[in-house]
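The values are calculated or read from the model by the stated rules, or taken from the named source; none is laboratory data. Bear in mind that the values here come from a model prediction, so they are computed numbers and not experimental data. A quick note on method: Cβ atoms are made from the backbone with ideal geometry, for glycine too, and the neighbour counts reach across all protein chains shown. Please note that ligands, DNA and RNA were not included when accessible areas were found on the heavy atoms of the full protein model with its side chains. Shrake-Rupley method; radii C 1.70, N 1.55, O 1.52, S 1.80 Å.
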Amino acid sequence: MNYFLVKSEPFKYSWDQFNKDGRTFWDGVRNYQARNNIKLMKEGDLVLFYHSNEGKNVVGIAKVVREFYQDPTTDDANWVVVDLSPVETLKNPVSLEQIKAEESLKEISLIKQGRLSVMQLKATEFDKILEMGS
DNA sequence: GCCAACGTTGGC
DNA sequence: GCCAACGTTGGC
């Protein structure tokens, strides 16, 4: 089992919208590193959902329901999507500030590589954020 | 709205 | 294959 974190601007695609939809394909990734991370996702892997710009917090947990396939919004074979479904909303959204302040999360890609929109998390990092959010 | 960080593009 | 110019992201 692998763990990931994806970013979305709430203005563009919010956690609320995601829950209304029940399932979505994660498109719009146009960065090779993020794309490579998407390709690592397997069905059943868990994904934290982070709101960038507005809120700047981890708001919920999603899971991978379909492994990567050609991005249906483009013909360019470079780009792929995965299907995600919401699993659970965090009782207490975990803010970027909290994550920064947490010693055990210092190495998290969210902080070390601010612009990356899809990243892999260590199991310990994933667990820690869940613990902070419950 | 600004700006730092950083990925991408294109000329050489 | 280097590197300057440019564009985008995202925190502040």
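Points to keep in mind about this one:
- Applying the Karplus relation 6.51 cos²θ - 1.76 cosθ + 1.60 with θ = phi - 60° to region A:58-67 yields 3J(HN,Hα) values of 7, 10, x, 10, 10, 9, 6, 10, 8, 5 Hz, where x marks Gly and Pro.
- Over region A:3-125, the Kirkwood radius and the radius of gyration, each from Cα atoms, give a ratio Rg/Rh of 0.94.
- Over all other residues within a Cβ to Cβ distance under 11 Å of A:Arg30, the charged ones net out to -2, with Lys and Arg as +1 and Asp and Glu as -1.
- Karplus-derived 3J(HN,Hα), 6.51/-1.76/1.60, for each residue of region A:125-134, Hz, glycine and proline x: 5, 4, 4, 5, 5, 4, 4, 5, x, 9
- Across the protein chains, with a 1.4 Å probe defining accessible surface, the residues A:Met41, A:Met1 rank A:Met1, A:Met41 from largest area downward.
- For region A:106-112, 3J(HN,Hα) computed residue by residue from phi via the Karplus equation (6.51, -1.76, 1.60; θ = phi - 60°) reads 4, 8, 5, 5, 3, 8, 6 Hz, glycine and proline entered as x.
- Here chain A has 45 percent of its accessible surface on carbon and sulfur atoms, given a 1.4 Å probe and all protein chains in place.
- Relative contact order of region A:3-125, pairs being alpha-carbon contacts under 8 Å that are 6 or more residues apart, as %: 32 percent
- Looking at region A:3-125, the accessible area is 54 square angstrom per residue; that uses a 1.4 Å probe and ignores ligands, DNA and RNA.
- Other-chain or far-sequence residues with amide H under 5 Å of A:Leu48's (modelled H): A:Phe4, A:Leu5, A:Val6, A:Ala62
- Loop-located chymotrypsin sites (Phe, Trp or Tyr not before Pro) in region A:12-50 whose Cβ has at most 13 other Cβ within 10 Å (DSSP): none
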